[in-house]
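Written below as structure tokens is the structure these notes are about.
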Amino acid sequence: AQSVTQLGSHVSVSEGALVLLRCNYSSSVPPYLFWYVQYPNQGLQLLLKYTTGATLVKGINGFEAEFKKSETSFHLTKPSAHMSDAAEYFCAVSDQDNQGGKLIFGQGTELSVKP
Amino acid sequence: DSGVTQTPKHLITATGQRVTLRCSPRSGDLSVYWYQQSLDQGLQFLIQYYNGEERAKGNILERFSAQQFPDLHSELNLSSLELGDSALYFCASKGGEGGQYNEQFFGPGTRLTVL
């Protein structure tokens with residue numbers, strides 16, 4: 001069975017600083033990994049995904065993530081934080097034990113950006 | 001806008017009551033997933049339908065049920081409501097039955113408050 005752990009329920013950075021949100025996964029098969037963002041009072045929006053191929057994945061809004069199999073990690077980064085990045089971020093893995101492909105989410109990390 | 005619609009946006013009801021949440025997937029998407037987001041449990045998968053048939057079940061309570069209609073919209077029925085059922089309920093849709101690498105598109109959610 002797959003699982004996801006996000007380290008740090010709250011991360012605070014200054015505007016212009018590096019954003020690093022950590023995600024570790026557990027999977028017995030090559031994982032399909034996703035990062036979603038949730039702005040206040042909104043649904044989840046896909047930032048990026050890793051399936052196969054290039055391990056550095058670029059997403060929307062300047063975010064990227066690197067799949068590191070040896071570390072079972074899929075950390076999300078952005079070189080320079082913007083005030084509009086303040087939101088909750090969820091890492092997820094697609095359940096491959098089940099043909100339906102439901103998403104298994106981490107607990108989420110709330111990102112605050114200080115001016 | 002993800003193309004997934006959910007109604008109502010907010011629902012306030014009393015314990016013991018029954019409610020129905022509605023979801024319309026993106027045009028052409030055959031799979032519908034329901035998730036519950038609560039402070040203590042995080043984002044949890046409830047159930048998945050594909051083209052009218054149940055495909056996968058998560059930790060869905062027996063008091064909860066769902067169905068997908070021929071026009072592909074889905075309804076989640078919650079009965080004998082308890083205070084602990086207060087949560088944000090998301091619907092997501094995806095194009096294929098499997099395709100674990102394909103992203104799910106989330107609706108804006110229905111916020112259920114049980115008093």
A:Thr52, sole failed condition from (1) farther than 25 Å from B:Gly3 by Cβ; (2) surrounded by 14 or more Cβ atoms within 10 Å (Cβ to Cβ); (3) within 13 Å of chain B (Cβ to nearest Cβ): (2)
The stretch B:96-107 residues that are closer than 11 Å to A:Gln45 by Cβ and more than 7 Å from chain A (Cβ to nearest Cβ), paired with ones that are assigned to a loop (DSSP other than H, G, I, E, B) and at pLDDT 55 or above (beta carbon under 6 Å, 6 or more apart): B:Phe105/B:Ser2; B:Phe105/B:Val4; B:Phe105/B:Arg26
Filter result for A:Asn24 (touching a Lys or Arg at 6+ places or on another chain (Cβ under 9 Å) and surrounded by fewer than 18 Cβ atoms within 10 Å (Cβ to Cβ)): no
Matching residues, the stretch A:27-49, being touching a strand residue (DSSP E or B) at 6+ places or on another chain (Cβ under 6 Å) and open to solvent by 60 Å² or more (accessible area, probe 1.4 Å): A:Gln45, A:Lys49
Filter result (modelled with pLDDT of 95 or more and surrounded by 17 or more Cβ atoms within 10 Å (Cβ to Cβ)) within the stretch B:48-67: B:Phe64, B:Ala66
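One line per residue, one yes/no per condition, for (1) touching a residue at least 60 places away in the same chain (Cβ under 8 Å); (2) more than 12 Å from chain A (Cβ to nearest Cβ); (3) charged (D, E, K, R); (4) in contact with a Gly (Cβ under 6 Å, 6 or more places away or on another chain):
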| position | (1), (2), (3), (4) |
| --- | --- |
| B:Leu43 | no, no, no, no |
| B:Tyr49 | no, no, no, no |
| B:Ala56 | no, no, no, yes |
| B:Asn59 | no, no, no, no |
| B:Leu78 | yes, yes, no, no |
Selected residue [touching a Pro at 6+ places or on another chain (Cβ under 9 Å) and among the hydrophobic types (A, V, I, L, M, F, W, C)] from A:Phe67, A:Phe90: A:Phe67
Hits in the stretch A:55-70 (condition: of a type in the set (Gly, Ala, Ser), within 14 Å of the chain's Cα centre (by Cα) and either open to solvent by 20 Å² or more (accessible area, probe 1.4 Å) or under 17 Å from B:Phe105 (Cα atoms) (or both)): A:Gly59, A:Gly62
Selected residue [without any contact (Cβ under 8 Å) to a residue 40 or more places away in the chain and not hydrophobic (A, V, I, L, M, F, W, C)] from A:Ser70, A:Ser112, A:Ser94, A:Ser80: A:Ser70
In the stretch A:89-115, the residues that are open to solvent by 40 Å² or more (accessible area, probe 1.4 Å), within 14 Å of chain B (Cβ to nearest Cβ) and either farther than 26 Å from A:Thr52 by Cα or of a type in the set (Ser, Thr, Tyr) (or both): A:Glu110
Subset of the stretch B:68-91 (residues that are surrounded by 14 or more Cβ atoms within 10 Å (Cβ to Cβ) and farther than 24 Å from B:Leu115 by Cβ): B:Gln68, B:Leu72, B:His73, B:Ser74
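The values are calculated or read from the model by the stated rules, or taken from the named source; none is laboratory data. Keep in mind it's a predicted model, so treat the numbers as computed, not measured. Positions of Cβ are backbone-derived with ideal geometry, glycine not excepted, and every protein chain shown enters the neighbour counts. Ligands, DNA and RNA are stripped out before the accessible areas are found, and what is left, the full protein with its side chains, is counted by its heavy atoms. Shrake-Rupley method; radii C 1.70, N 1.55, O 1.52, S 1.80 Å.
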